Each structure stands twice: as C-alpha cells, then as structure tokens.
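Coordinate-derived values only; no laboratory data. As the structure is a prediction and not an experimental result, all values here were calculated from the model. Note that each Cβ is placed from the backbone with ideal geometry, even for glycine, and that neighbours are counted across all protein chains shown.
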Amino acid sequence: MIRAQPVKGMNDLLPDTVRVWRRVETLVRDVVESYGYEEIRLPLLEFTELFRRSIGEVTDIVEKEMYTFEDRNGESLTLRPEATAGIVRAGITHGLFHNQRRKLWTAGPMFRYERPQKGRYRQFHQIDVEALGYAGPAIDAEMIIMCARMWQALGLERIALDLNSLGGAETRRAYRATLVEYFEDSRSRLDEDSLRRLTQNPLRILDSKNPEMQPLIEQAPVMLDYLDAESAEHFGRLRELLDAAGVAYRVNPRLVRGLDYYNRTVFEWHTDALGAQGAVCSGGRYDGLVELLGGRPTPAIGWAMGVERLVALFELCGGEAPTRVPDVFIVAVGERAEAQALELAETLRDGSLAVESNLEGGSFKAQLRRADKSGARFALILGEDEVTSGQVGLKPLRTAEEQVSVPLGAVRDALVARLGQG
C-alpha cells in the first residue's frame with residue numbers, strides 16, 4: 001500500500017499557502033528586477049564535484065547533508081544544496097562572464113539532508129541574487145540596500161543586519177595560523193567536529209552550533225584585526241556607503257558563513273521573531289569562485305534568501321495575499337445553455353475577465369448557491385429561454401440591485417461597465 005504522505009522534511013504547499021508565497025515572491029522579484037537583475041533558471045541536478053569544489057570538502061553541507069547518488073552511467077550527481085555554484089557553472093558554460101558584468105537571479109527548491117524543524121526542511125526554497133564582474137564595494141552596498149528596500153516592500157519588522165569581512169588570501173593565511181595556535185592551546189575543549197576542522201579548515205570552528213563550544217569561540221582572535229590593507233579599505237568604504245544610505249548594521253566579527261568560497265564582505269539579515277531559525281537572508285563576496293571552477297578571474301557577490309522563513313515573517317508582520325475571486329459566475333441550466341455558457345465564458349476571458357462556470361449540472365437554485373459561494377460579484381444566467389431569445393440574465397450577487405436581461409453580444413460591455421463602478 002502506498003504511504004499517503006510526503007517524504008520527511010519535504011512539504012506540500014496547498015492553494016491558500018501558495019497564494020501567500022506568490023505574493024511574497026512577486027514583491028521580491030519586482031524589487032530585484034528594478035535593480036537590473038535578470039532571471040536565470042538552472043537544473044536541479046549537477047555533477048557532485050561542482051559542490052565539493054565550490055562549497056568545500058570540510059563543510060557540513062558536503063560531508064553530511066547533500067543528496068548524492070550515482071546515475072545509470074556511474075556519474076555522481078547531487079540535488080543542488082544551494083544556487084551560487086550552479087549560476088557560476090552556467091556562466092562558465094555559456095560564456096556569460098567574458099568581458100561582461102552580469103546581474104542574475106534565480107529561485108526554486110534546494111535540498112539538504114538536515115533534521116527537519118520549523119523553518120529548516122530537507123526540501124526548502126531560496127531566492128538567489130548574484131552580481132558578477134563588479135570588484136568595488138559599491139555593489140556590496142547596493143545589494144544590502146536592495147534587501148532593505150525589500151523588507152520595506154514586504155512590511156517586515158524586527159529584522160537586523162550583521163556585517164563582517166573575511167579579507168583576502170593574505171588575511172586568511174595570517175588569521176588561520178593564529179586561530180590554529182589558539183585552538184591547539186585548548187585542544188581538550190574541542191568537540192569531534194572541531195578537532196577534525198582544526199587541521200583542515202579552522203575557520204569552520206567559528207561556525208560551530210555546539211553550545212559548549214561558544215565560550216571558547218567568543219574568546220578566539222578576531223579576523224578584523226588581521227585584515228590586509230585592501231580588504232580593510234574595501235570594508236571601510238562599504239560601511240561609509242551604508243551609513244550614507246541610512247542602513248543600520250552591526251559589525252559581527254564571528255560571522256564567517258558556512259561555505260568556503262566567501263571572501264571579504266559577508267552579511268546576514270536575521271530576526272528574533274522566528275525562534276532558533278533567525279537567519280532570513282545571507283550572502284557575501286566570492287571573488288575566487290569563478291576561477292576555481294575553471295573560468296577567468298571574476299569578482300562576484302551574492303545573497304540567498306529562504307522563502308519559508310521569509311513567508312513566515314511576512315505573515316507574522318501582518319502580510320497577506322489578496323483573495324482571488326472570479327468577476328462572474330455563469331449559471332447554465334439545460335444542454336443548450338451549457339454549450340452556450342462555455343462559449344460565452346471564453347469570450348469574456350478574451351476580454352480579460354475572470355470567469356468561473358458551473359460544470360456539474362444541478363438546479364437553478366443550487367447553481368446560484370455555488371455562484372454566491374464563489375465570491376463573484378455577478379452571476380450570468382442562461383436557460384433554454386435565454387438561449388432561444390439571445391438574452392442573458394445579469395444578476396448582482398453583492399448588492400440589492402435587480403437582475404436585468406442583456407443581449408448576448410453586449411454582456412462583456414455590461415460587465416466591464418458594472419465592474420468598473422466598484
């Protein structure tokens with residue numbers, strides 16, 4: 001017997017929920033595209049090596065969370081756990097970055113094998129925005145300002161920005177050596193994951209979610225103290241631009257992000273309104289990723305936004321989707337009337353009206369009840385007499401006005417005139 005339930009951590013979105021999602025996604029898309037970003041659509045599956053090289057071997061995503069399998073040709077494939085690597089791969093594949101600047105966005109499901117909980121699922125959805133070919137801090141500022149505009153458009157409150165810089169290669173080398181020395185001195189206090197990361201990627205220790213590790217992490221050296229001159233100048237200018245734009249932020253030296261490809265600017269928008277899953281939008285620079293994956297050196301920055309959490313915060317802040325109801329419901333009694341009703345419905349839809357037709361038979365009274373329940377403002381009534389006379393009954397459903405007869409050819413104009421009055 002087939003189990004009538006979804007896979008654990010993967011959720012059905014029912015029509016009422018989808019209506020809210022579409023509202024949120026539309027508002028976000030409109031803001032993003034107003035900044036000149038173009039949509040790109042990517043495969044759900046990529047070769048596994050793409051994520052191993054881009055995200056990093058010593059990350060929870062690659063080590064524990066990816067849905068990876070061999071296909072019938074023996075190729076190792078992975079359901080995408082994030083979108084940035086796919087966008088970079090597509091850009092290299094199609095030559096999008098050669099002597100060009102690109103602003104791209106995409107949206108859709110991602111997959112990670114995590115412990116399902118509110119706001120964290122195994123199939124989750126992201127909106128991902130990337131700018132490639134821009135080296136200076138102005139694009140960093142614009143991306144963050146764009147997010148602030150989105151929160152305003154969505155009516156979101158209780159959302160704050162953390163900001164940090166991871167520097168460049170010089171910064172990482174100096175900081176890595178200092179960090180290894182610090183954690184080696186406290187080796188007995190490290191958990192199993194941190195011990196493994198100590199020799200492979202010590203920065204990942206700062207991203208530990210183990211509460212017992214937090215006191216040790218809080219006392220660790222701060223990367224901002226080791227920034228190379230260019231990274232420090234970049235970060236300082238970014239802060240000046242955000243200050244000038246009136247965007248509030250907190251410099252958080254412990255913000256390192258969970259993916260290896262980040263450098264220099266990293267940021268995270270978070271809220272205290274959703275409990276433990278407070279990160280709403282996260283991103284940063286990844287200036288070396290295009291070259292790492294086989295392309296030419298290309299500066300880049302991007303962010304990803306979790307739609308589930310964004311929708312939850314939108315609703316918490318009083319956001320809702322407008323209810324979609326038909327303009328008119330067609331009541332048809334009799335075989336000739338049913339045929340006429342289908343033709344009339346298509347004519348009205350050609351005129352951009354939203355039309356629902358009775359398609360299940362029933363008495364005149366039963367169909368009127370369905371018309372009222374649909375939320376339509378008007379019912380069009382067709383029976384054998386109306387078909388014979390070439391007339392249609394037009395009945396207001398939300399006012400006390402009387403029903404009138406309208407020639408079949410004049411129905412659309414009569415409806416448009418009455419709908420325009422409301």
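Structure above, values below:
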read-out: Packing-based ranking, highest mean first, of 5-16, 30-41 given that Cβ atoms within 10 Å are counted; value: 30-41, 5-16
read-out: The range 201-210 - phi-based ³J(HN,Hα) in whole Hz, Karplus 6.51/-1.76/1.60, Gly and Pro as x; value: 7, x, 4, 5, 4, 5, 9, 4, 9, 6
read-out: Approximate spin-label separation residue 5-residue 118, in nm, with each point projected 7 Å along Cα-to-Cβ; value: 2.0 nm
read-out: Mean shadow area of the range 336-385 over all directions, Cα convex hull, nm²; value: 3.5 nm²
read-out: Residue exposure sequence - 352, 231, 282, 76 - by fewest surrounding Cβ within 10 Å; value: 352, 76, 282, 231
read-out: P(r) histogram, all alpha-carbon pairs of the chain included - 20 Å bins from 0, percent; value: 22, 43, 23, 11, 1
read-out: Cα pair distances of the range 92-208 binned at 5 Å [whole percent]; value: 2, 7, 11, 11, 14, 18, 17, 13, 5, 1, 0
read-out: Long-range HN-HN contacts of residue 392 with modeled amide H, under 5 Å; value: 406, 408
read-out: Set of lysines with alpha-carbon distance to residue 365 below 23 Å, sequence-local pairs under 8 removed; value: 373, 395
read-out: Residue-by-residue Karplus 3J(HN,Hα) for the range 177-183, coefficients 6.51, -1.76, 1.60, Hz, glycine and proline x; value: 4, 5, 5, 4, 4, 4, 6
read-out: Those residues of the range 141-170 whose amide nitrogen sits under 11 Å from the label point placed on residue 316, 7 Å along Cα→Cβ; value: 157-160
read-out: Ratio Rg/Rh [Cα only; Rh per Kirkwood] for the range 328-417; value: 0.91
read-out: Residue-by-residue Karplus 3J(HN,Hα) for the range 374-379, coefficients 6.51, -1.76, 1.60, Hz, glycine and proline x; value: 5, x, 4, 7, 9, 10
read-out: Likely footprinting exposure, 323, 17, fewest C-beta neighbours within 10 Å first; value: 323, 17
read-out: Extension gain (nm, one decimal) between residue 149 and residue 342, 0.36 nm per residue minus Cα-Cα; value: 65.0 nm
read-out: Structure-based [θ]222 nm, the chain - -39500 (n - 2.57) summed over DSSP H runs of at least 4, per residue, nearest 500; value: -11500 deg cm²/dmol
read-out: Residues of type aspartates and glutamates that residue 64 reaches as a straight line, Cα spacing below 12 Å, ignoring anything fewer than 8 places off in the same chain; value: 114, 193
read-out: Exposure proxy ranking, count of Cβ atoms within 10 Å, fewest first, for 381, 159, 330; value: 159, 381, 330
read-out: GNM result for the chain, Cα springs below 10 Å: residue of 275, 288, 362 fluctuating most strongly; value: 362
read-out: In nm, spacing of pseudo-spin labels at residue 279 and residue 245 (7 Å Cα→C-beta vector); value: 2.1 nm
read-out: Kirkwood Rh, Cα atoms: Rg over Rh of the range 1-150; value: 0.99
read-out: Overall form of the range 34-90 per C-alpha gyration tensor (a/c, 1.5; a/b vs b/c); value: oblate
read-out: Antiparallel %, DSSP beta bridges [both residues in the range 328-417], to 5; value: 50 percent
read-out: Zone residues, the range 362-394, relative to residue 410, backbone N less than 14 Å from point 7 Å out along Cα-to-Cβ; value: 390-394
read-out: Label-point gap, in nm, between residue 170 and residue 384 - each point 7 angstrom along Cα→Cβ; value: 9.3 nm
read-out: Tilt relative to the chain, helix 335-350 - C-alpha long axis, 0 to 90 degrees, to 10; value: 50 degrees
read-out: Label-zone membership for the range 106-146, site residue 14, 7 angstrom Cα→C-beta point, backbone N under 19 Å; value: 118-119
read-out: Net lengthening on full extension, residue 417/residue 69 (0.36 nm per residue, minus Cα-Cα); value: 119.3 nm
